[in-house]
1. Please state the relative contact order of the chain as a whole percent: Cα pairs under 8 Å, 6+ residues apart?
2. By per-residue mean of other Cβ atoms within 10 Å, what is the highest-first order of 35-44, 59-68?
3. Working from Cα positions, state the angle (0 to 90°, nearest 10) between the long axis of helix 46-58 and the longest principal axis of the chain.
4. For the chain, what does -39500 (n - 2.57) per DSSP helix run (n ≥ 4), summed and divided by total residues, give at 222 nm, in deg cm²/dmol to the nearest 500?
5. Starting from the Cα-Cα distance between Arg24 and Thr50, subtract it from 0.36 nm times their residue separation and give me the gain in nm to one decimal.
6. What ³J(HN,Hα) values, in whole Hz, does the Karplus curve 6.51 cos²θ - 1.76 cosθ + 1.60 give for segment 69-81 when θ = phi - 60°, with x put for Gly and Pro?
7. R0 = 30 Å: FRET efficiency of Lys17 with Val68, Cβ-based, nearest 0.05?
8. Cβ neighbours within 10 Å, averaged per peptide: list 47-55, 73-81 in order, most packed at the top.
Amino acid sequence: MGAALTLRRPELAELRKWRLTLIRHAQSVSNAGGLAQPHQAIPLTAHGHTQARALGATLAGPASAVAVSRFMRAQQTAAPY
């Protein structure tokens, strides 16, 4: 048996330092057409690019980490940030 792992419970003040933001991709061509094509390379619409720029302006500031899926629509949404 391996050594036991001891996890400590973080203090409330320490937790308040963290901010987790989950964002869905902006409007894609398939969203605009009412289609569901989750595993294809689908680009954003012009409106989706406008949404992504607005998101980038809203989230402006330092981030310790950003994780983005490999899909084109997610990459394009995250690009302005």
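1. 31 percent
2. 35-44, 59-68
3. Roughly 30 degrees between the two axes.
4. Per the formula, -8500 deg cm²/dmol.
5. Difference between extended and current length: 7.9 nm.
6. Rounded to whole hertz, the list is 5, 7, 6, 3, 5, 6, 4, 5, 5, 7, 4, x, 7.
7. It comes to 0.85.
8. Going by the mean number of other Cβ atoms within 10 Å, highest first, we get 73-81, 47-55.
The numbers here are math on the coordinates, done by the rules we state, and not lab data. Everything numeric here is computed off the predicted structure, so don't read it as measured data. With ideal geometry, Cβ positions are generated from the backbone for all residues, glycine too; neighbour counts draw on all protein chains shown.
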